[in-house]
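Please treat every number below as a calculation from the coordinates, not as lab data. Not measured: the values here are computed from a predicted model. Note: ideal-geometry Cβ built from the backbone for every residue, glycine included; neighbour counts use all protein chains shown.
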Amino acid sequence: MSSAFDIPQFVPAIYSPSSQVGLSSYQNDGFLSDVPRAWVWVQQPIYEQPKPTIEASTENLRVVRLDYALTCPDKLIVEALAASPGSVAVLREAVPHLRKAFGQTVILQLEAFESDEGYILRGVAQMTAEAEFPEAVLDTFKSEWWLANCHRGGASLVFDYEVANALRLA
């Protein structure tokens, strides 16, 4: 029997603040047996993103270590990579572009931070004090590759530089 609520792939639902999932109350030919707190439309089916396994997280850590020196605990890097699975591929693809911009001998580091909004991965090109115009070098990397690919890493991935022994004597 059809009713006013027969919309393909949608069902009326009751949302309760105590649960995060809308509970369908499609009963008695479309009439509710109780009064809902709030009406929401829930698209069916609802899919959850699969959680990365320990093996996948360990493999991601191994892959990232091929190109980056880790400057924080492994556990934090694993959690950050699990929260942003696309970051692993972006980090790997960025290596030749970072080396092109900063030089083949640049040391690449990876660190992770946890914030209220989630995790942040920071790829760092470690430069020597002799490096000229590091801001311009970073701008070159950004314009030649990063700006076209930054959406793939989301807001959780950033690239920066640091200058080791930054004190120069004139």
Inset, instruction - Could you please report the charge total around residue 73, scoring K, R as +1 and D, E as -1 over all other residues with beta-carbon less than 13 angstrom from its beta-carbon? - result: -3
Inset, instruction - Tell me the GluC sites (Glu not before Pro) within region 86-145 that lie in a loop according to DSSP and have at most 16 other beta-carbon atoms within 10 Å. - result: 117, 130, 132
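Taking loop as defined by DSSP and a crowding limit of 12 other beta carbons within 10 Å, which trypsin sites (Lys or Arg not before Pro) in region 97-170 fit? Numbers along the way, then the final one.
Values: sites: 99, 100, 122, 142, 152, 168; in loops: 168.
Passing both the DSSP loop test and the Cβ count: 168.
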